[in-house]
Number of protein chains: 2
Amino acid sequence: MEVGINKINVFLRLSALLFSVLTACLVGLDAQSKRVFFSEKKATFRDLDALVILVYVESGAACYNLLQLCKFSIPAWSRGNSKMSFVYVAWVFLLLDQLAAYITFAANSAALEAAFLAVTGANELQWMKLCNRFTRFCIQIGGALICGFLSSLLMAVISSISAFNLFRLYSPKRFLLFKQT
Amino acid sequence: MEVGINKINVFLRLSALLFSVLTACLVGLDAQSKRVFFSEKKATFRDLDALVILVYVESGAACYNLLQLCKFSIPAWSRGNSKMSFVYVAWVFLLLDQLAAYITFAANSAALEAAFLAVTGANELQWMKLCNRFTRFCIQIGGALICGFLSSLLMAVISSISAFNLFRLYSPKRFLLFKQT
C-alpha cells in the first residue's frame with residue numbers, strides 16, 4: 001500500500017515539476033518587440049516585478065520538487081524506516097510542502113493581478129492597458145499563469161497527502177499522542 | 001481533550017473573524033481627497049479592482065467563520081456525534097476551510113501586488129506611482145494588508161487543525177480505512 005502512495009506521490013511531484021518549469025520558461029522567454037512611431041519598444045517579463053518574482057518562485061519550486069523526488073531513490077524512504085525519526089522528518093517535509101504550495105500560489109495570484117491590470121488598465125489611476133499593443137506577449141503570459149496555477153494546485157494536493165500520511169499516525173482519542181501499534 | 005481543541009478552534013476562528021472584519025473595514029472606509037491644480041481628486045478602494053475583490057473576499061471569509069462559530073453552539077458538535085456522519089461533515093468542512101484559506105491568501109497577494117505597483121510604479125509601462133500623493137490612503141491600505149495576511153495565516157492554521165482532527169481517525173497501515181476502536 002505504501003508503495004502505491006509513493007507512486008502517486010512521485011507522479012504528482014513530477015507533474016508539478018513539469019508545470020513549474022513550463023511556467024518559468026513561458027514567462028522568462030516571453031518577449032515581443034513593436035515599433036511605436038520612431039522608437040522600438042520591447043516587452044519582456046522584466047518590465048513587471050511580479051513576473052520576475054514568479055520566474056524565481058517557480059524555479060525554486062521546481063528545484064524543491066526535484067530534491068523531493070531524489071528522496072524516493074533512497075531505498076530507506078521507499079521501504080519506510082524507524083517510526084520516530086520518520087515522524088520528525090515528515091513534520092519538516094509537511095511544513096516545507098505547505099510553504100511551497102502557499103508561496104507558489106501567492107506568486108501566481110500576484111502575477112495574475114499584474115496581468116489583469118495590463119489587460120484592463122486602471123482608468124482612475126491613469127495606468128493604461130498594454131495588451132492591445134503586445135497581444136502575443138500577453139497571451140503567452142496567460143498560458144504561463146494557467147500552468148502556474150496547475151502546479152500550485154498539484155502542490156496543494158501533495159501537501160494534503162503529506163498531512164494525511166503524517167496525521168493518521170496519531171491517536172484519535174488523545175491529542176498529539178501516537179496510537180498503539 | 002476534545003473540549004480543549006474546540007476552545008482553541010473557537011479562539012482561532014474568532015481572531016480570524018476579527019482580522020477579516022478589520023481588513024474589510026480598513027480598506028472599504030479608506031478615502032483621501034487631494035486638490036490637484038483646479039480639480040479635486042479622490043482616492044478610494046474602488047479605483048483598484050484588487051481592493052474591491054479583497055473587501056468582498058474578506059467579508060465572505062468573516063461570514064464563513066461566523067457560521068462555523070455558530071456550529072459550536074449546537075450541543076451535538078461540542079460533545080461529538082456518531083462517527084460516520086461526523087467524518088463526512090468533517091471532510092466537507094476541511095475542504096471549505098482549505099478553500100477559505102487559499103482564497104483569502106490569493107486575494108491578499110493580489111492586493112499586495114496592486115499596492116506594490118501603487119508604491120513603486122512601473123517605469124517601463126509608464127504606470128506612475130501614486131503613494132507619494134495619497135500617502136495616508138496608502139498607509140491605511142498597508143495596515144489592512146497586514147491584518148488580511150494575519151487572518152489568512154490564522155485560517156491556514158485552522159484548516160491544519162481540521163485536517164489533523166480528521167486524518168487521525170484513519171488507519172496508519174491501510175489507506176483510507178478507519179482504525180479499529
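The numbers here are math on the coordinates, done by the rules we state, and not lab data. Predicted model only: the values in this text are computed from it and were never measured. So basically every Cβ, Gly included, is an ideal-geometry build from the backbone, and we count neighbours across all protein chains shown.
What to note about this one:
- Among the listed pairs B:LYS41/B:LYS129; A:LYS129/B:LYS129; A:LYS42/B:LYS129; A:LYS34/B:LYS34; A:LYS173/B:LYS71; A:LYS41/A:LYS129, those with a Cα-Cα distance over 27 Å are A:LYS34/B:LYS34.
- Taking a point 7 Å out from the Cα of B:ILE74 in the direction of its Cβ, the residues of segment B:96-115 whose backbone N falls within less than 18 Å of it are B:96-97.
- Nm distances between copies for A:GLY142, ranked from closest, using label points 7 Å along Cα→Cβ: 3.6
- Other copies of A:VAL52: label-to-label distances in nm, shortest first, labels 7 Å along the beta-carbon direction: 3.0
- The shape of the protein assembly as shown comes out oblate: with a ≥ b ≥ c from the C-alpha gyration tensor, a/c is at least 1.5 while a/b does not beat b/c.
- Principal-axis analysis of the Cα atoms of chain B puts helix B:49-73 at an angle of about 30° to the longest axis.
- For chain A, the longest principal axis of the alpha carbon atoms and the long axis of helix A:135-167 meet at an angle near 10°.
- Ascending distances from the B:LEU177 label point to its copies in the other chains, with the point 7 Å along the Cα-to-beta-carbon line: 2.5 nm.
- Relative contact order (%) - criterion: Cα under 8 Å, at least six apart; region: chain B: 31
- Mean ellipticity per residue at 222 nm, deg cm²/dmol - from DSSP H runs of n ≥ 4 across chain B, formula -39500 (n - 2.57): -25000 deg cm²/dmol
- Think of the protein assembly as shown as having a plus end and a minus end, set by charges on the Cβ of Lys, Arg, Asp and Glu; of A:VAL87, B:GLN98, A:ALA115, A:VAL87 sits farthest toward the positive end of this dipole.
- DSSP-loop chymotrypsin sites (Phe, Trp or Tyr not before Pro) across segment A:1-65, with at most 13 other Cβ within 10 angstrom: A:PHE37, A:PHE38
- Under the Debye formula (equal points on every Cα, no solvent term), log10 I(q)/I(0) of segment B:99-181 at q = 0.11, 0.21, 0.24, 0.27 Å⁻¹: -0.50, -0.95, -1.05, -1.16
- Pairwise centroid distance, computed over Cα atoms, of segment A:13-57 with segment A:125-139, Å: 14
- Dipole magnitude of the protein assembly as shown, debye to nearest 20 (Cβ charges: Lys/Arg +1, Asp/Glu -1, about Cα centre): 920
- In range of the label at A:SER171: residues from segment B:4-20 whose backbone nitrogen is under 13 Å from the point 7 Å along Cα→Cβ: none
- FRET efficiency estimate (nearest 0.05) - Cβ-Cβ, B:ILE5 to B:ALA31, R0 45 angstrom: 0.60
- Residues B:PHE93, A:PHE137, arranged from fewest to most other Cβ atoms within 10 angstrom of their Cβ, appear as B:PHE93, A:PHE137.
- Between the helical axis of B:83-120 and the longest alpha-carbon principal axis of chain B there is an angle of about 20 degrees.
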